[in-house]
Amino acid sequence: MKSKELRAKRAKLIDDARALANGESMTAEQATQFDVMMAEADQLKGQIDRIEKAENAQKALAQGIAARAEETSSSLEEQESNEKQHERVFTAWLRGGIDALAGEDRTFALQRVQAYQANFKNDGGMGTTTGPAGGYLVPPAFADQLLVALKDYFTALNLFDQITGGTGADLPWPTNDDTSRRAKIIGENQQVGQGNMIFGQVSLKAFLYATDAILVPWTLMQDSFMDMDGFIRAAIATAFGRTLADDQTNGTGVGMPQGVLTAAAAGPTAKGDALVYDDFVELIHSVNRAYRAGSVFMMNDNTTKALHLLKDNEGRPLWVPNLVAGMPDTFAGYPVEVNESMPDIAKGTTPILFGNLKNYKFRMVNQVSVVRLNERYADYLQTGFFGYARFGGGLPSVGQPIKKLAMPAAGG
């Protein structure tokens, strides 16, 4: 079944569930039926997401190859051939290290390692050099697939403004809030006045992340049926994805990235322990209208469940399932993005963000690299692999483009 058909089926389930809850109270039987229908709707949402992620991933990979072909002024066929060689060399390196490569493939691998190490700097000094038997620059297709996998674990990465490249040194970023600037009426032949734009500056830092060693028995590595690069990619994506979700959401900004929830400006406080329509009106209008274009709500899945039955003051459902493939559901007229690192609704928490998340900068220096540990686990007949990269994040804005809704504190 196609995602469009599944979306229509899910929308009908939600509408039918709402019909059960239209009265002032539900019987026990209706409550049970409601829970079953909403659970099925959640399952359909998961199925829809998987289908659309696969379609989007395939499209993104094809676009990546085309973009790199344009950058190198090569034909699409030449770029695909080059990347296939890179992928073949990388897979051979994963299985047998640099000693498994000879001739043109060995030269190809050494050139990639040396080029990457020359660019790997940490605050102006050389970072850890890993040698030809250690780090190897992953092929573009692997890097693209890894980024797609990271976004599967942390879908908000799609919403942030991604800054790629650089040396890893602090990245100065200008700030400016010009929402108060106005024009004025002047007379004919009258000289215009002066008003300087005031800029500030913040630094976006990058932090070195590494996964734990992924241990692979030699017997598995020797089996040709094992998809080594797929196995390593999944393990790295799992480790980085969950960590980035937490740090890019809740990071303090001290010795780690500043998370979007931490960086967001304080918005309104909910009127009670249960959210009502008025709370969202206050939250939406707490963000200056100049920043509201492209805004979304961000919350975790438990919070979305609590909002499915909310209605506006005219009795109209605020939650609207989207029937268009690739588009999120909307709430109070704005898209809803689920981030499981957001807190649950509870006293004193800030479970909902609102604003244009492109104002948050996600920094990725170069790309994830893979290190092969040849000797360390040899007495266990294992080879270790780990991934490392530098990531950062922050909200370099003084205009408060993202606000958070707070729940009343305990005892409040």
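Taken together, the values in this text are just the output of simple stated rules run on the coordinates, not laboratory data. Here the structure is a predicted model, which is why all the values come from computation and not from measurement. Glycine also receives a Cβ, built like all others from the backbone with ideal geometry; neighbour counts cover every protein chain displayed.
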Helix 277-286: inclination vs the chain longest Cα principal axis, degrees, rounded to 10, gives 60 degrees
Here, ALA378 and SER74, labelled 7 Å along Cα→Cβ, have an inter-label distance in nm of 3.5 nm
Check: C-alpha center region 257-325 vs C-alpha center region 3-73, spacing in Å is 19 Å
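Using only Cα atoms, what Kirkwood radius does region 199-316 have, in angstroms? Could the numbers behind the result be given before it?
Values: mean 1/r = 0.0529 Å⁻¹.
For region 199-316, the Kirkwood estimate is 18.9 Å.
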Of the candidates ASN322, GLY253, ALA270, the farthest towards the positive dipole end of region 236-327 (Lys/Arg Cβ +1, Asp/Glu Cβ -1, centred on the Cα centre) is ASN322
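What number do you get for region 19-83 when its Cα radius of gyration is normalised by 2.2 N^0.38 Å, N = residues? Mind dumping the intermediate values first?
On the way: Rg = 23.6 Å, N = 65, 2.2 N^0.38 = 10.7 Å.
Cα Rg divided by the expected 2.2 N^0.38 Å: 2.20.
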For the chain, the longest principal axis of the Cα atoms and the Cα long axis of helix 228-250 enclose an angle in degrees, to the nearest 10, of 40 degrees
Per the helix-only model, the chain has a calculated mean residue ellipticity at 222 nm (DSSP H runs of ≥4, -39500 (n - 2.57) each, divided over all residues, rounded to the nearest 500) of -13000 deg cm²/dmol
P(r) of the chain over all Cα-Cα pairs, 20 Å bins starting at 0, rounded to whole percent, reads 22, 47, 27, 4, 0
For region 306-412, whose charge dipole is built from +1 on Lys and Arg Cβ atoms and -1 on Asp and Glu Cβ atoms, the candidate among LEU310, TYR360, ALA406 with its Cα farthest towards the positive end is TYR360
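Relative to the Cα centre, what is the charge dipole magnitude of region 1-69, using +1 at the beta carbon of each Lys and Arg, -1 at the beta carbon of each Asp and Glu, and rounding to the nearest 20 debye? Working shown, then result.
On the way: 12 positive and 11 negative charges, 133 e Å.
For this selection, approximately 640 debye.
When 1/r is averaged over all different Cα pairs and the result inverted, which Kirkwood radius in Å belongs to region 303-412?
Working: mean 1/r = 0.0542 Å⁻¹.
Answer for region 303-412: a Kirkwood hydrodynamic radius of 18.5 Å.
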Treating only Lys and Arg (+1) and Asp and Glu (-1) as charged, each at its beta carbon, one finds that the chain has a dipole about its Cα centre, in Debye to the nearest 20, of 800 debye
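Counting DSSP beta bridges in the chain, what percent are antiparallel, to the nearest 5? Display every interim value, and only then the final one.
On the way: 40 of 50 bridges.
Of those bridges, close to 80 percent are antiparallel.
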Relative to the chain, whose Cα atoms define the longest principal axis, helix 28-71 and its Cα axis are tilted in degrees, nearest 10, by 50 degrees
